[in-house]
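Inspection log for the structure reproduced underneath, given as structure tokens.
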Amino acid sequence: MAQLDTREKLAILADAAKYDASCASSGTAKRNSKDGKGLGSTEGMGICHSYAPDGRCISLLKILLTNSCIFDCHYCINRRSSNVRRARFTVEEVVRLTLAFYKRNYIEGLFLSSGIIASPDYTMEQLVRVARDLRQVHDFRGYIHLKTIPDADPALVEAAGLYADRLSINVELPTDAGLVALAPEKNALRIRGAMTGLKTAIDDNKDARKHYRSAPKFAPAGQSTQMIVGADAATDSAIVATSASLYDRFGLRRVYYSAFSPIPDASAVLPLKSPPLIREHRLYQADWLLRFYGFSVPEVQAATDDGALPLDIDPKTAWALKHRDSFPVDINTAPRERLLRVPGLGVKSVNALVRARRQRRLGLADLARVTRGIDKLRPFVVAADWRPDDRLDLRPKTARPVQGELF
Amino acid sequence: MTVVTLAAPDDFDGFRAAVRGLVGTPPAAVTWQVAGDDAGLFGDAAPAGDAPPLRVPKAFPDLARRVICHRDPERFALLHQALAGLQARPKLLDDAADPLVRRLDMLDKAVRRDVHKMRAYVRFREVPDAEGEHYAAWFEPAHFIVRLNAGFFVRRFASMRFSILTPDLCLHWDGIGAEFTPGASKADAPDGDPLEATWKTYYASIFNPARLKIASMQGHMPKKYWKNLPEAELIPDLIAGAGERTRAMIAAGGADTSAPVAEAPAVAGPKSLAALKAEALGCQRCPLWAPATQTVFGEGPADALVMLVGEQPGDQEDLAGRPFVGPAGQLLDAALAEAGIDRTRAYVTNAVKHFKFEPRGKRRIHAKPELPEIDACRWWLDAERAALKPRIVVALGATAARALTGRAVTIGRERGRAIAQPDGSELWITAHPSFLLRLPDRAAAAAERMRFVADLAAVAARVTAIAQGA
């Protein structure tokens, strides 16, 4: 077989990496190269340098070191029994590609993952080498996200955290039963053990930096994880509960959802159909309700029908429709928490309302100026010049018609 | 009527100096213009001088610094109005629902977005010059943001020499200081960079055709930016091909390639090679599957006359998933070419289909397969033979010979001649190319290589005879 050149490898190893949803480059320590040494900067807010027609942002060079893998997880394009072409980057190739892309302002940095070859330690060592070369040999100051191999030696993970901004370990599936069925060689206990290890290392480092400002930073952008939605039978209620416990237990920055998408050479165990993109979107909305809107898990679950979030309306509207007695909310007097429950009022709008109403009483026109649209809000709010008719049947107004399935 | 002429469209300092002198003048009585705009307005020039600063809330200077970069000609007047309003109502800015505040917020938002998009969509192209690496980009911002945004690019790329050219203003960084020059045209910027082909490969490969969301892409990356983004020219084709690629994936899926194969197939007659390969990928007939990357099955045309059988995949074959692609494969390719055998016309496989190795540090050292492993894998070799029905089978090395004959074979005694097989085919036995690679003595290696090529040449002669006879 002829040696693959870097471009051919890139085609294979980017293709193999696209099922990882995360491309975030936000929330890390601030760095720059104003001193004229090194290359790159991170300023808090990440930048999406391009968008693919799948609507996903391209912020990082997201690739695998190799797509060969000793595991045989059904949902994964890179599983041992898959027929895809295999390739492997050298450490130097990844370093060169990252720097060349970065200098042209194509990317914020690197997101490196890998199939597991030889042993978890060997694989992790290769990942760490890439990050270390970028930081130490090339003084690279952009963003680095390393996928951590759950079974790797904790010492290697420790080293990874010194070079990477973010580390992540995928829980893969929302329930342990799903993991047993679809990723028989992975072990939920080991995955959670590794996440606990990461949390401890991150917390210890924060503590150390309180006492010694010179202590090196460990994964300043924290850890994240991802789970696949729609490959097993887990309900939305179960998924929301799982992510809430992940946030709590492991101090995660983000839990990503990846709608299971058909892959080339798929295993027969899987539901081969268009990915459940709307479901994925609703789960992200539910995630936001938990993190920014003060919803509890049971409250989000109350928005579901038998465990499934409605697809035709967002979860906040669904919750509101089931709690008509909580509305209308007076925008001039209600506490912030109540305003956050109003469908169509985002965090920014609520903050603007709270500040503005200290100065004067607000009417519908004022509300319209700080929100994206008043029609959706009208039935749920009371304003200086507005009170809704509470006999309104809301659902037909808010729900959009959905095209039926062909049979 | 008072006319104020600012030095540049984003001249914040000029604006601040001017409004300090305009205290008491109603904003409606002031006309703002930028030097160079041929507005041709006549009126009283604003009073020059060092008027004292005005008291404003903390947030206002930053807001004004950004709003002044907007292309809206009313921006100066709106800021002046807000300033007058703030003197009467110091908390005016907190009232986001106020129409004037709302208007300024919208201008601010547009400028922030433009600043962000410039950081995202500037594409440097390398234009090496006498001093080494130099990068240049062409960008068309919606607003007058080059000066506002210069700091970001300097903080990020201070160790590079670069220029960002725009129609309004150009930024040049020489590694020490920033310089601004008047606007340029696209023709002044470089028109390509060899690395863009690689970037486009990445863009096309990271796209998932099964989740097309065009509106979402365009919301974040409006079409007006596309003309200066090298990757954007791929978008129409990626969208057009997405449906077909997804349908193909769904149609091709569903073969349960991962279930272990339990027993011989129930159906009569040989299976196709493709079906065998699919089954073998999940093989767990012996313990070798566990540490190996993947099954390395045979490959070659289904009508091949010759079947070459090696020992087992090595490190590179294990990663690539194809037989004979490592050093031994390269030696084999060369020897076959010398002997006159076209590898692409032969079926190439191994007696054992998984890589057996011992980890030693970072390396995986080849380990010889044992009899139980060879016998377990014979199931696949026999199935391959039954499906292919080759006229000539070549055993490369002792392991292959053991698997093909069922007995221990001394190569030196049996090489170089055809051994008739029960199914009518011929078996030829020769050395394994790895054996040649391991010989430390150069002369011995050269002699062995000649014998190896001679064995293959004899096979080639038989192939020609069979092909002509058939």
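Couple of notes before you dig in:
- The set of residues in the range A:270-300 that are without any contact (Cβ under 8 Å) to a residue 12 or more places away in the chain and surrounded by 15 or more Cβ atoms within 10 Å (Cβ to Cβ) comprises A:272, A:281, A:288.
- Whichever residue in the range B:155-173 is within 12 Å of chain A (Cβ to nearest Cβ) and assigned to a strand (DSSP E or B) and, among such residues, is farthest from residue A:35 (Cα to Cα): B:164
- Test: residue in the range B:167-176 that is surrounded by 18 or more Cβ atoms within 10 Å (Cβ to Cβ), among the acidic types (Asp, Glu), on the phi < 0 side of the Ramachandran plot and in contact with a helix residue (DSSP H, G or I) (Cβ under 7 Å, 6 or more places away or on another chain): yes
- Selection from the range A:39-58 of residues that are crowded, with 24+ Cβ neighbours inside 10 Å and more than 7 Å from chain B (Cβ to nearest Cβ): A:42
- Options A:312, A:325, A:330; residue that is surrounded by fewer than 20 Cβ atoms within 10 Å (Cβ to Cβ) and modelled with pLDDT of 95 or more: A:330
- Every residue from the range B:370-398 that is out of contact with any strand residue (DSSP E or B) (no Cβ under 8 Å at 6 or more places or on another chain) and not in a helix (DSSP H, G or I): B:370, B:389
Residues checked against (1) assigned by TED's automatic domain parsing to the domain that holds residue B:173; (2) in a loop (DSSP other than H, G, I, E, B); (3) of a type in the set (Gly, Ala, Ser):
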| residue | (1), (2), (3) |
| --- | --- |
| B:66 | no, no, no |
| B:76 | no, no, no |
| B:86 | no, no, no |
| B:96 | no, yes, yes |
| B:110 | no, no, yes |
| B:137 | yes, no, yes |
| B:142 | yes, yes, yes |
| B:148 | yes, no, no |
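- Listed conditions (1) under 22 Å from residue B:205 (Cα atoms); (2) of a type in the set (A, V, I, L, M, F, W, C); (3) not in a loop (DSSP other than H, G, I, E, B) are all met by residue A:48, apart from (3).
- Residues satisfying the stated conditions in the range A:80-104, i.e. basic (Lys, Arg) and within 7 Å of chain B (Cβ to nearest Cβ): A:80, A:86, A:88, A:103, A:104
- Any hit, the range B:208-227, residues being of a type in the set (A, V, I, L, M), more than 7 Å from chain A (Cβ to nearest Cβ) and in contact with a strand residue (DSSP E or B) (Cβ under 9 Å, 6 or more places away or on another chain): no
- Meets criteria (among the polar types (S, T, N, Q), modelled with pLDDT under 90 and assigned to a helix (DSSP H, G or I)) for residue B:201: no
- Residues that are of a type outside the set (Val, Ile, Thr) and more than 7 Å from every other protein chain (Cβ to nearest Cβ), drawn from the range A:105-124: A:108, A:109, A:110, A:111, A:112, A:113, A:114, A:115, A:120, A:121, A:124
- Pick from the range A:179-222, criterion touching a residue at least 60 places away in the same chain (Cβ under 8 Å) and in contact with a strand residue (DSSP E or B) (Cβ under 7 Å, 6 or more places away or on another chain), ranking: surrounded by the fewest Cβ atoms within 10 Å (Cβ to Cβ): A:186
- At least 3 residues being of a type in the set (Phe, Trp, Tyr) is the threshold, and among the strands (runs of 3 or more DSSP E) wholly inside the range A:83-173 not one reaches it.
- Counting only helices (runs of 4 or more DSSP H) that sit completely within the range A:329-392, zero hold 1 or more residues that are on the phi > 0 side of the Ramachandran plot and more than 14 Å from chain B (Cβ to nearest Cβ).
- Subset of the range B:41-90 (residues that are of a type in the set (D, E, K, R) and either within 29 Å of residue B:149 (Cα to Cα) or modelled with pLDDT of 95 or more (or both)): B:50, B:55, B:58, B:62, B:65, B:66, B:71, B:72, B:74, B:75
Every residue, every condition in (1) of a type in the set (Ser, Thr, Tyr); (2) in contact with a His (Cβ under 7 Å, 6 or more places away or on another chain); (3) within 14 Å of another protein chain (Cβ to nearest Cβ), yes or no:
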{"residue": "B:153", "(1), (2), (3)": "no, no, yes"}
{"residue": "B:175", "(1), (2), (3)": "no, no, yes"}
{"residue": "B:179", "(1), (2), (3)": "no, yes, no"}
{"residue": "B:183", "(1), (2), (3)": "no, no, no"}
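- Identity of the residue in the range B:176-197, in a loop (DSSP other than H, G, I, E, B) and among the charged types (D, E, K, R), that ends up farthest from residue A:5 (Cα to Cα): B:191
- Within this structure, residue B:293 passes the test of being within 26 Å of residue A:66 (Cβ to Cβ), within 27 Å of the chain's Cα centre (by Cα) and either within 9 Å of chain A (Cβ to nearest Cβ) or at pLDDT below 65 (or both).
- Residue B:401 being part of a helix (DSSP H, G or I) and either on the phi < 0 side of the Ramachandran plot or touching a strand residue (DSSP E or B) at 6+ places or on another chain (Cβ under 8 Å) (or both): yes
- Positions within the range B:310-321 being outside any helix (DSSP H, G or I) and modelled with pLDDT under 90, in sequence order: B:321
- Of the helices (runs of 4 or more DSSP H) lying entirely inside the range A:235-315, those containing at least 3 residues that are not assigned by TED's automatic domain parsing to the domain that holds residue A:24 are A:277-292, A:297-302.
- Taken together, the criteria exclude residue B:225 from residues that are in contact (Cβ under 8 Å) with a residue 12 or more places away in the chain, assigned to a helix (DSSP H, G or I) and in contact with a Ser or Thr (Cβ under 7 Å, 6 or more places away or on another chain).
Each row is one residue, and each column tells you yes or no for (1) away from chain A (no Cβ under 14 Å); (2) among the basic types (Lys, Arg); (3) surrounded by 15 or more Cβ atoms within 10 Å (Cβ to Cβ).
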site	(1), (2), (3)
B:56	yes, no, yes
B:59	no, no, no
B:63	yes, no, yes
B:86	no, no, yes
B:92	no, no, yes
B:133	no, no, no
B:139	no, no, yes
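- Candidates A:119, A:114 - the one that is hydroxyl-bearing (Ser, Thr, Tyr), over 20 Å from residue A:48 (Cα atoms), free of Cβ contacts under 8 Å to residues at least 60 places away in the same chain and crowded, with 24+ Cβ neighbours inside 10 Å: A:114
The values are calculated or read from the model by the stated rules, or taken from the named source; none is laboratory data. The structure presented is a predicted model; accordingly, all values stated were derived computationally and were not measured. Glycine also receives a Cβ, built like all others from the backbone with ideal geometry; neighbour counts cover every protein chain displayed.
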